[in-house]
Ligand code: GCV
């Protein structure tokens, strides 16, 4: 171990290089006085691990305690000394029944961690009705050690608030990942089913540590080949690796599969032969994967086939697939991300217009999966108007963990704050307090996971996977607390480091909003790959893929009028929300240009005219990134050199690109507003044509 002097931070030990593979499950040695306290609280492990899930719990505990405390705790079947760690269900350890502990109900996946006295000995009990709850409890206990919490008088009980907590991989069978910035897909289809990459188990551990209980292995822009028998065997092998960790596997469905791999002449959901094909396919899948979760479907969206190709509705298509998986307990997650090229209506309105009339027409095992906002994972969007508008349809919230529109892997943007913002958004659908969190039965996160050693493409992007899982379990949790846990587990418990890095994370997403799309602007990114600014882009395949469609800047002002005088998208929200968003004086400034076309001279809350405010916000976003870079220069030396240097390099990229975003957008909007740069703020470094000439033919993720 090396000891280093860091200015103002006292003598600190620096761990050897780390590549980030261990994520937040690093289990590095605990320092004193915590180590001794924990060792005396955990002297023996009482566990009977008969099921694969309890075996996983036991091996995680032994790995964790060995790493954290340097001890190998022997597994015994009864409490015989103080400091017993009792881990199991009433089935695996019948003596637990006598303690009559109150537990979260069976099937809830919840757990309890309790201090107790058993046979005169002090004990700590991790228990649940189901084995998977015990596994979740074990990860919680390890987190307490990793974050240096007390183990005295514990009375913890946790039940997930959201039933389905699912990752969506946009991974293709050739291992490319749509909107992926972390290497190739981790699913090595070519070598499956015979080779099970140990990564699959580490993936499962990481997810189970957060309570994620499902994963969709394939891209929503789907390939019918994934439903062929040989590929189903491969999926079954992955399912086998994930099963002990309580994770069920789902696949995406290509609606035209009966034609493309089934030899039928139609995929019409009303056709008996098509229905039968899907029923047989479902039976075949469940023979191989008895706990298969079901299907995720993108239909009649961005060129994907769907029921509308045959004059049928989304409900007709979803219900046909739902009937095929229903006998096996499966579900269909049907995506609401649809918008039509042909329709001249505001793109933000189209999903609502399509699905709202179908409320009540879906089968019980269909869940409608709705993106957090009505456009497409922008740095900030108002919540999607379908939340609250479909009271008779179970809804899932879909968020992006991968950062397609927030700077890919090299920009540090902690998304815990974004997820928190949407989960807490009040739809007013059933009166005040009808938050998005209260209206959903599931959460899906588009994964940012790939074959890179650090899994997510950057060390800080691991935090977004982590925050997604923690908030899916408990949408009422605070994104700041989650960031704090993550920093402690991922880097160090050093108080200065934790405080400064969490502060930086909490500001980071707003910084991206400011240097890319402040004040409710959206979709100013380059066409196709979405890397960098292109607010001038017009033309291409479709109008609603162009920035000019969304910002509508002209000599008078800027913004998309979605009020009653414009597209009236505001009318899709419940009364009080519609009234607020639709009123120029009451709309939050964060959504100003999302809902209104506003004169350049409009007086903002700050007292500045809109034009000045816009330039000010762009500049502020860059300034925050510069502060973040400096913060890391100060505290980065507290972590190992390998991770320190990568984070530092990426922050330099982010600072450079934030400035590029700011300068390109300011230069372009100035060419339209014809207003001077406000005094004291720098002019763009280059003329507009310089930015227009930049091109990136090999930007990743496209
Ligand atoms: C998987 C956006 C992305 C696409 C993505 C699509 C979707 O349009 O750019 O890559 O396709 O959303 O969510 O289906």
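Computed over all pairs of different Cα atoms, the Kirkwood value for the hydrodynamic radius of the stretch 253-293 is 10.6 Å. Cβ crowding within 10 Å ranks 38, 414, 21 as 21, 38, 414, fewest other Cβ atoms first. So what is the 222 nm mean residue ellipticity for the chain from helices alone, if each DSSP H run of at least 4 adds -39500 (n - 2.57) and you divide by all residues, rounding to the nearest 500 deg cm²/dmol? Computed mean residue ellipticity for the chain: -11500 deg cm²/dmol.
Decide, for the stretch 310-423, between rounded, prolate and oblate: order the square roots of the alpha carbon gyration tensor eigenvalues as a ≥ b ≥ c, take rounded if a/c falls under 1.5, and otherwise choose prolate if a/b is larger than b/c, else oblate. Prolate. Here the contact order of the stretch 264-326, divided by its residue count and restricted to Cα pairs under 8 Å and six or more residues apart, works out to 41 percent. Ordering 443, 482 from the fewest to the most neighbouring beta carbons within 10 Å gives 482, 443.
Using C-alpha pairs under 8 Å with a sequence gap of at least 6, the mean separation divided by the residue count of the stretch 470-628 gives a relative contact order of 22 percent. The relative contact order of the chain, computed from alpha carbon pairs under 8 Å that lie at least 6 residues apart in sequence, is 12 percent. Length gained on full extension, residue 652 to residue 71, computed as 0.36 nm times the residue gap minus the Cα-Cα distance: 205.0 nm. Ordering 499-509, 194-204, 267-277 by mean Cβ neighbour count within 10 Å, with the highest value first, yields 499-509, 267-277, 194-204.
Where both residues lie in the stretch 390-477, what percent of DSSP beta bridges are antiparallel, nearest 5? Roughly 10 percent of the beta bridges in the stretch 390-477 run antiparallel, per DSSP.
Bridge orientation summary for the chain: considering DSSP beta bridges with both residues in this region, about 35 percent are antiparallel.
When peptides 149-156, 518-525, 647-654 are ranked by their average number of other Cβ atoms within 10 Å per residue, the highest-first order is 518-525, 647-654, 149-156. Could you state, as a whole-number percent, how many of the C-alpha pairs of the stretch 60-152 are farther apart than 18 Å? Cα-Cα pairs of the stretch 60-152 separated by over 18 Å account for 44 percent. Quick one: grab the alpha carbon gyration tensor of the chain, order the square roots of its eigenvalues as a ≥ b ≥ c, and give me rounded if a/c is under 1.5, else prolate or oblate depending on whether a/b is larger than b/c. It comes out oblate by the Cα gyration axes.
Could you rank the peptides 554-561, 210-217, 688-695 by their average count of other C-beta atoms within 10 Å per residue, with the highest value first? Can you show the working numbers first?
Values: 554-561: 18.2, 210-217: 24.9, 688-695: 13.1.
The packing order, highest mean first, is 210-217, 554-561, 688-695.
With only the Cα atoms considered, the stretch 139-255 has a convex hull volume of 128 Å³ per residue. With kT/(6 pi eta Rh) evaluated at 25 °C and eta = 0.890 mPa s, and Rh the Kirkwood radius from Cα pairs, the stretch 150-192 diffuses with a coefficient of 174 µm²/s according to Stokes-Einstein. Of all DSSP beta bridges confined to the stretch 62-146, the antiparallel ones make up roughly 60%. Given axes a ≥ b ≥ c from the Cα gyration tensor, I'd like to know whether the stretch 507-621 is rounded (a/c under 1.5), prolate (a/b larger than b/c) or oblate. Oblate shape, in that a/c is at least 1.5 and b/c is the bigger or equal ratio. Going from the fewest other Cβ atoms within 10 Å to the most, the residues 602, 231, 111 appear in the order 602, 231, 111.
Where a number appears in this text, it was derived from the coordinates with a stated rule and is not lab data. In this text, all values refer to a predicted model and were calculated from it rather than measured experimentally. Positions of Cβ are generated from backbone atoms using ideal geometry, with glycine treated the same way; all protein chains shown enter the neighbour counts.
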